[in-house]
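Colleague: The structure follows.
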Amino acid sequence: MSLPLGNTLSKVSVARSPLRLASLVKAPSARLVQHVQRPLALAMYSTEVRASETTPPKKYSETTKKIVYGLAKVMGYYSEGSTAIKSSHELYNLCARQMELNKDFFVTSCNLPDNFQTWFSVTQLHVWMLMVRLRAEGNGKLYTQELVNRFFDDAEDKIREYGISQQRVIKSYIKDLLAQFHGGVVAYDEGMCKDDPVLAAALWRNLFAPSANNAADLANMVKYIRRELKALEEIDGEKLNAGIAAFGKPEVVV
């Protein structure tokens, strides 16, 4: 059974340069170029007032708190790796929701097919933008790795949702997706550091190629990316490490 991916996953989008783009986009700013609760058990009905209903909650002593927190640290609950894993779920979920939240823009306005490939490409773009911001953090490499892990865990789950269960086939798809991911990161990085036409060309190859788009769609996406990179740059590092971030909505401005 084949997976409806639009274009074959292993096929790299043909590089094409958008026409009349340079006149629609501007050069980048210099600033950018840097809980499980157990199921509730049903209690026997009684008219007796339980102690828990009349007794105030017990307050633990400071000594008890220190012992509990200390054990949690020893067990790795507050370790950098554990924190990165928890935060990466929040950051990744933010990226994974963008396709559905902005379907009118990506599918209707930009004429992208509503399929797995478009979801992957749109999610990758937002994962990349968070990766750019995480690079400025001392533990950014760890958080980036966990973010990418969440991305490919989700991609594999979605492949299985299409009825594909043979591990050999799934492994082949994931391998192709990983190559596509790495290629996209390199292309987007180059576009971010150079100018808008280069970034637009990267978008054309990695996002827009499956559809018949025009230069205005590319210009709108370039403006969206530049705006979101700037907004992410201003997010406090502690909030980002806690999994707190946000993306705005793409706008049709051209």
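Colleague: Could you tell me what fraction of 2.2 N^0.38 Å the Cα radius of gyration of segment 76-241 comes to, as a two-decimal ratio? Before the final figure, lay out each step's value.
Modeller: Numbers: Rg = 16.2 Å, N = 166, 2.2 N^0.38 = 15.3 Å.
Taking N as the residue count of segment 76-241, the ratio is 1.05.
Colleague: Among 222, 208, 96, whose Cα sits farthest toward the positive end of the charge dipole of segment 76-241 (+1 at Cβ of Lys/Arg, -1 at Cβ of Asp/Glu, about the Cα centre)?
Modeller: So the residue furthest toward the plus end is 208.
Colleague: On to the next question. Among 223/249; 86/141; 141/175; 141/239; 86/239; 194/249, which pairs are too far apart, with a Cα-Cα distance over 19 Å? Don't skip to the end; give the middle numbers.
Modeller: Details: 223/249 11 Å; 86/141 15 Å; 141/175 22 Å; 141/239 17 Å; 86/239 13 Å; 194/249 24 Å.
The answer is 141/175; 194/249.
Colleague: Between the DSSP loop rule and a limit of at most 16 other Cβ atoms within 10 Å, which trypsin sites (Lys or Arg not before Pro) in segment 112-147 are left? Before the final figure, lay out the partial values.
Modeller: On the way: sites: 133, 135, 141; in loops: 135.
When the trypsin sites (Lys or Arg not before Pro) of segment 112-147 are filtered for loop state and at most 16 Cβ neighbours within 10 Å, 135 remain.
Colleague: Just want the answer: with Cβ charges of +1 for Lys and Arg and -1 for Asp and Glu, which residue in 197, 162, 245 is farthest toward the dipole's positive end in segment 157-254?
Modeller: 162
Colleague: Just the C-alpha atoms of segment 147-254: what Rg/Rh do they give, with Rh taken as the Kirkwood radius?
Modeller: Values: Rg = 16.6 Å, Rh = 16.2 Å.
So for segment 147-254, dividing Rg by the Kirkwood Rh gives 1.03.
Colleague: Sticking with this structure for a sec: Using θ = phi - 60° and the Karplus form 6.51 cos²θ - 1.76 cosθ + 1.60, what ³J(HN,Hα) does each residue of segment 147-159 get, whole Hz, x for Gly and Pro?
Modeller: 5, 5, 4, 4, 4, 6, 4, 5, 4, 5, 4, 5, 4
Colleague: With +1 assigned to the C-beta of every Lys and Arg and -1 to the C-beta of every Asp and Glu, and no other charges, what is the dipole magnitude of segment 76-241 about the Cα centre in debye, to the nearest 20?
Modeller: Numbers: 19 positive and 23 negative charges, 59 e Å.
For this selection, approximately 280 debye.
Values quoted throughout were computed directly from the atomic coordinates according to the rules given, and no laboratory measurement underlies them. All figures in this text were calculated on a predicted structure; none of them were measured in a lab. Methodologically, a virtual Cβ is constructed for each residue, glycine included, from the backbone with ideal geometry; neighbour enumeration extends over all protein chains shown.
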